[in-house]
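Trainee: Take a look at the following structure, please.
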Amino acid sequence: MNIVMALQQVVGADHVLTGEAAQPYLTDWRGRYTGQALAVVRPGNVQEVAQVVRCCIEHQAPMVPQGGNTGLCGGATPDAQGKSVVVVLTRLNRVLQVDTADDTITVQAGCTLREVQEAAAAADRLFPLSLAAEGSCTIGGNLATNAGGTQVLRYGNTRDLTLGLEVVTADGDIWSGLRGLRKDNTGYDLRDLYIGSEGTLGIITAATLKLYPQPVARCTAMLAFNELPAAVRMLARARKGFGAALTGFELISHYCLDSVTRQFTQQKWPFDESGRQCAWYALLEISDSESADHARERFETVVGDAIEAGDVVDAVIAASIAQSNDLWHLRESIPLAEKQMGKNIKHDVSIPVSRMADFVDQTNAQLQQAFPGVRHIVFGHLGDGNLHYNVAAPAGSDETAFLGLQSQVYQLVHDSVHAFAGSISAEHGVGQLKKDLLPLYKSEVELALMRKIKRALDPHVLMNPGKVINSADI
Ligand code: FAD
């Protein structure tokens, strides 16, 4: 029996897609990678996932796990050989349990992030992971990439929000680790091995996640700065002034805000003329356990001090939930505005916050020297030291020719990140995009340990080959 027929026996013919029907699953969100596959299979429960894995082992077919396909490193896209099976988890989309006594939620991997947030909110709890793709990305994808987003500053990334996992191993066994314990030191942390492994070690089928109390009120503000060091000083001031109430501190360059308001004309600048001329902006959010008025007063005090110190040029403190949503909408529209404006060369990097301003200054200068006129598209989660440092072709120049320089631009930016003791992948992962870069910036000891883990947990070397680690190196 061929593999397509075997898979049909496991999940039913309707859930094994080939030809035209498979196409939407074979290209990544950015449209950067397109692959081929023997079939796209959509199992409906954990037992079917395990049977699919065993079937693929029997037929020696590589497996590519896929959730919402919003990943930005090509991790969910098969290669061009057409020998893989794409395993799509979106039918595993049930919320299994919300436990308000232990403050946990247990969900299947194919739930979208928004569905998890909504299930938590319905029980008067907060699931704080938040990112612009939350309507489409799945919790399984969030776990597999250890996604970050806009509230890491207060609540941590996906790893920090996870208590237990259920995984179908690369051998086709089911590991039921859906424990809601806050403490469990009984040996190696298997959960943390699978989190962030980008589908290269096994398939995550469910998770038990942490819930938090809903804040009584939230308050959002956008601040304008003439220079980046002033925004970094504001972060320190906000940490001190708000403590654990500070949930987000997003950095936005003038170029980004200007692009959003020009691409999406319904989105307006929140500042008048003087604020609009500033080089940098920050979107801050605090959660308050008393009231909206109390939150606003706290903002007025801390921001007032920063204005007096000359760091903040202009400030808009949202007076309503609608205004707060508008400010967040500006921030969340940056990736879409970028996409509409064409392709650019992206870097998702982290730098110690204390060195952020020097990194941007020096790297901008080096880029201008090497590639005169390039445009810098810089935004990110300043509170976590995470920048999306993207570089576009000079205005009016040949975009395709510039994209051809990608490896030189990568090298310049990533060498600079390395020199500033940063990471070349802060939150998006490695996928196919950065797998050849890891050997340049990770030590041989780290790489050797990673290869040993891969060999031990994926003995057939069929789990998402060509992602994170080069297949030839395993
Ligand atoms: P996919 O894209 O389907 O897969 C991503 C990787 O995970 C692949 O390697 C895949 O093989 C693996 N995988 C997927 N599901 C499973 C599973 N169940 N078991 C094992 N492996 C699996 N990311 C951030 O971290 N922070 C952001 O702020 C952020 N903002 C974004 C904004 C936009 C507009 C977009 C398009 C993306 C953004 N991302 C961000 C990236 C992306 O949304 C995240 O990486 C997300 O976690 C991917 O989830 P997904 O379900 O779409 O995964």
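The values are calculated or read from the model by the stated rules, or taken from the named source; none is laboratory data. These numbers were taken from a predicted model, which means no experiment stands behind them. Here the Cβ positions follow ideal geometry from the backbone for every residue, glycine too, while neighbour counts run over all protein chains shown.
Trainee: If you scan segment 133-156, which residues turn out to be under 20 Å from Ser287 (Cβ atoms) and either within 7 Å of the ligand (Cβ to nearest atom) or assigned to a loop (DSSP other than H, G, I, E, B) (or both)? Break it down into steps so the answer makes sense when it comes.
Mentor: At the first step, the residues of segment 133-156 found to be under 20 Å from Ser287 (Cβ atoms) are 134, 148-156.
Within segment 133-156, Glu134, Gly148, Gly149, Thr150, Gln151, Gly156 meet the criteria.
Trainee: Confirm whether Ala119 is away from the ligand (no atom under 15 Å from the Cβ) and without any contact (Cβ under 8 Å) to a residue 60 or more places away in the chain.
Mentor: Details: away from the ligand (no atom under 15 Å from the Cβ): yes; without any contact (Cβ under 8 Å) to a residue 60 or more places away in the chain: yes.
Yes.
Trainee: Would you confirm whether any residue within segment 151-164 is buried (at least 24 other Cβ atoms within 10 Å of the Cβ), polar (S, T, N, Q) and closer than 21 Å to Asp189 by Cα?
Mentor: yes
Trainee: Follow-up question, since we're still on this one. Is segment 336-346 home to any residue that is of a type in the set (Asp, Glu), within 28 Å of Phe264 (Cα to Cα) and assigned to a helix (DSSP H, G or I)? Don't jump to the end; show me each part of the working.
Mentor: Looking only at segment 336-346, we keep the residues that are of a type in the set (Asp, Glu), and these are 338.
When the remaining residues are screened for being within 28 Å of Phe264 (Cα to Cα), the result is 338.
Going one step further and asking which of them are assigned to a helix (DSSP H, G or I), we end up with 338.
Within segment 336-346, one or more residues are of a type in the set (Asp, Glu), within 28 Å of Phe264 (Cα to Cα) and assigned to a helix (DSSP H, G or I).
Trainee: Another one. Return yes when Gln8 is closer than 19 Å to Ala144 by Cα, without any contact (Cβ under 8 Å) to a residue 40 or more places away in the chain, among the polar types (S, T, N, Q) and more than 13 Å from the ligand (Cβ to nearest atom) and no when it is not. Don't jump to the end; show me each part of the working.
Mentor: Working: closer than 19 Å to Ala144 by Cα: no; without any contact (Cβ under 8 Å) to a residue 40 or more places away in the chain: yes; among the polar types (S, T, N, Q): yes; more than 13 Å from the ligand (Cβ to nearest atom): yes.
When the stated conditions are applied, Gln8 does not pass them.
Trainee: Now, a different point. Which of the residues that make up segment 33-90 are more than 20 Å from Ile469 (Cβ to Cβ) and among the acidic types (Asp, Glu)?
Mentor: Passing the criteria: Glu48, Glu58.
Trainee: Hey, among Gly68, Gly82, Gly44, which residue is in contact (Cβ under 8 Å) with a residue 24 or more places away in the chain and within 9 Å of the ligand (Cβ to nearest atom)?
Mentor: Being in contact (Cβ under 8 Å) with a residue 24 or more places away in the chain and within 9 Å of the ligand (Cβ to nearest atom) holds for just one of Gly68, Gly82, Gly44, which is Gly68.
Trainee: To continue, here is another question. I need the helices (runs of 4 or more DSSP H) fully contained in segment 386-474, keeping only those with at least 1 residues that are within 22 Å of the chain's Cα centre (by Cα).
Mentor: On the way: elements: 399-403, 406-419, 438-441, 444-457.
Answer list for segment 386-474: 406-419, 438-441, 444-457.
Trainee: Anything in segment 266-287 that is modelled with pLDDT under 95 and in a strand (DSSP E or B)? List them, or say none. Give the derivation first.
Mentor: Residues of segment 266-287 that are modelled with pLDDT under 95, as a first pass: 266-277, 287.
Ser287 - this is the single residue of segment 266-287 that is modelled with pLDDT under 95 and in a strand (DSSP E or B).
Trainee: Now for a different question. Go through (1) touching a strand residue (DSSP E or B) at 6+ places or on another chain (Cβ under 9 Å); (2) touching a residue at least 60 places away in the same chain (Cβ under 8 Å); (3) more than 30 Å from Thr200 (Cα to Cα); (4) surrounded by fewer than 20 Cβ atoms within 10 Å (Cβ to Cβ) for Glu399 and report which single condition fails.
Mentor: (2)
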